[in-house]
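Please read the structure below before turning to the comments.
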Amino acid sequence: QAQLVESGGGLVQAGGSLRLSCVASGRTFSRYAMGWFRQAPGKEREFVAAVNWSGGSRYYADSVKGRFTISRDNAKITVYLQMNSLKPEDTAVYYCAAGRGYSNKYSAYDYWGQGAQVTVSS
C-alpha cells in the first residue's frame, strides 16, 4: 500500500529554519513528481514547491521562493523541504504529495501524507 510519511515539523521562532522530510513506500515513487503543500487554519490548501522525478526541475510558490528549497533522494525514496527565514505566515500543516504530473495543482497528485505541523512564532 502506497504511503507517505512526513517528519520534521515543530515550533520555531521567526527567522529560524526547519527541514521537513517525507519518506515514501509501497510504490515506485522514484518515477513520481513530488510536491509540498500547506494549509493554514481557515484557509485552503496551497502549493509550496514541487520537484520532478529526477530532481532536475524545481518549482516554487512566489511566497517561499528564495527561502525554501525542495530536494529529493531517490535512493532513499525521500523528499525534503528546507525552510529558512521562516515567517509567522508560514505557520500551517505541511503535506507531502506524489503524482504522475509535475505541477502546482492539487489535482495532479495521487498520494498524500498525513501532514506535519509547522508553527512560527513572532
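The values are calculated or read from the model by the stated rules, or taken from the named source; none is laboratory data. Not measured: the values here are computed from a predicted model. Backbone-built Cβ (ideal geometry, glycine too); neighbour counts: all protein chains shown. These accessible areas exclude ligands, DNA and RNA; they are computed on the full protein's heavy atoms, side chains included. Shrake-Rupley method; radii C 1.70, N 1.55, O 1.52, S 1.80 Å.
Within the set of pairs 6+ apart or on separate chains, which have a first residue in region 52-69 that is within 15 Å of Y80 (Cα to Cα) and in contact (Cβ under 8 Å) with a residue 12 or more places away in the chain, a second that is assigned to a loop (DSSP other than H, G, I, E, B) and open to solvent by less than 70 Å² (accessible area, probe 1.4 Å), and C-beta atoms under 7 Å apart?
The qualifying pairs are W53/Y32; Y59/N104; R67/N84; R67/S85.
What strands (runs of 3 or more DSSP E) completely inside region 1-72 contain at least 3 residues that are more than 18 Å from G101 (Cβ to Cβ)?
Filter on region 1-72 gives 3-7, 10-13, 18-25.
Condition first: over 18 Å from L4 (Cβ atoms) and either more than 12 Å from the chain's Cα centre (by Cα) or among the basic types (K, R) (or both). Can you find one or more residues in region 96-115 that meet it?
The answer is no, given that none of the residues of region 96-115 is over 18 Å from L4 (Cβ atoms) and either more than 12 Å from the chain's Cα centre (by Cα) or among the basic types (K, R) (or both).
Let's see how each residue does on (1) crowded, with 17+ Cβ neighbours inside 10 Å; (2) at pLDDT 95 or above; (3) of a type in the set (K, R):
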position	(1), (2), (3)
Q1	no, no, no
E6	yes, yes, no
Q13	no, yes, no
F29	yes, no, no
A49	yes, yes, no
